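Read the structure below first, then the notes.
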Ligand SMILES: [Ca+2]
């Protein structure tokens with residue numbers, strides 16, 4: 001930045017000298033006449049040293065979704081069929097210290113009375129549909145598969161549910177046992193997210209208290225599971241040791257399932273086991289101290305190179321990152337809250353992230369503040 005300032009000052013000195021050398025002409029006249037070339041020079045003079053990628057940082061779309069009130073946002077996803085934005089939020093419920101007793105949801109709490117699943121118009125932000133009242137206790141992950149079915153996880157129910165496209169009632173495939181945490185084949189413990197392959201096979205990250213990834217057939221039969229809960233040791237981590245596997249991103253073309261290993265602050269990727277290969281083989285890790293905790297990830301193959309978006313947090317290390325598959329950070333950004341009318345800067349606690357199918361728009365859902373943001377990439 002210093003270089004930029006020094007160069008700009010030098011440029012102005014040269015400019016002033018040039019103006020003095022033409023006493024018969026006014027300063028403004030000279031500027032206007034030469035403005036295009038001056039601007040061009042100014043740009044080429046300094047900014048080559050600045051990371052060009054900065055110009056690609058996304059901008060928050062103000063006033064989207066205008067007037068839509070949400071509670072803590074657990075999940076956000078984009079409907080691949082029409083680009084609608086789906087939200088899974090907690091209404092009046094908040095996840096606090098007394099929400100759970102051990103792994104179990106604290107007794108005496110009712111279902112959330114609000115509609116917890118919202119379908120928003122990607123352009124206007126209008127609510128197009130809403131449902132999911134009086135069913136959930138602590139909404140967490142939300143995923144829309146290629147057929148438009150909506151998958152959710154509830155960490156109080158310890159269950160995974162699927163709502164067929166257009167339906168407000170879940171399908172017969174309800175996995176896990178309601179209100180009963182566990183670590184065997186029929187139980188989850190605060191499951192966090194779902195990823196669905198185009199053949200219907202799906203993955204579940206399980207979860208806050210189990211450190212495992214489970215792969216199911218489209219009929220809900222368990223095909224494979226791997227991973228172990230973090231031991232909390234400070235020694236070297238094994239590749240399949242998770243400390244809150246919190247979000248999934250399936251890169252189907254590469255036969256990879258990536259896991260946001262939240263508390264370890266890393267992304268662990270494994271073979272997805274498509275086309276008869278074995279699932280759960282470690283492939284690679286994205287690990288960078290700059291990430292902090294990795295809350296959620298999303299994959300995008302629209303740009304000149306494939307990318308993974310992630311949201312980190314909580315404050316003061318809450319950012320939206322874009323990285324490429326070499327692990328390079330392409331940008332790190334945060335919302336300009338003053339512009340949005342909030343009284344603090346940046347993210348509070350971003351919880352999920354989704355990207356539109358054309359790669360132009362990024363959506364984030366936050367716990368603090370309770371909001372969803374739309375970012376548009378330039
Ligand atoms: Ca999601």
### Task
Can you tell me the relative contact order of segment 57-376? Whole percent, Cα pairs under 8 Å, sequence separation 6 or more.
15
### Message
What distance in nm separates the two pseudo spin-label positions at residue 281 and residue 66, each 7 Å out from Cα along the beta-carbon direction?
### Response
5.3
### Query
Roughly speaking, what is the stretch gain from residue 221 to residue 305, that is 0.36 nm per residue apart minus the C-alpha to C-alpha distance, in nm to one decimal?
26.7 nm
### Query
Under 18 Å from a point 7 Å along the Cα-to-Cβ line of residue 128: which residues of segment 82-116 have their amide N that close?
82-89, 116
### Message
What is the distance in Å between the Cα centroid of segment 128-146 and that of segment 215-262?
### Response
23
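If you count, for each residue, the other Cβ atoms within 10 Å and average over each peptide, how do 147-153, 80-86, 104-110, 185-191 line up from highest to lowest?
On the way: 147-153: 22.9, 80-86: 16.7, 104-110: 11.7, 185-191: 20.1.
Packing proxy ranking, top to bottom: 147-153, 185-191, 80-86, 104-110.
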### Query
Say each of residue 169 and residue 233 gets a label point 7 Å from the Cα, pointing the same way as Cα to Cβ; how far apart are those two points in nm?
5.1
### Message
What distance in nm lies between label points placed 7 Å from Cα along the C-beta direction at residue 101 and residue 357?
### Response
4.7
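Values quoted throughout were computed directly from the atomic coordinates according to the rules given, and no laboratory measurement underlies them. These numbers come from a predicted model, not from an experiment. Heads up, the Cβs are rebuilt from the backbone with ideal geometry, glycines too, and the neighbour counts pull from every protein chain shown.
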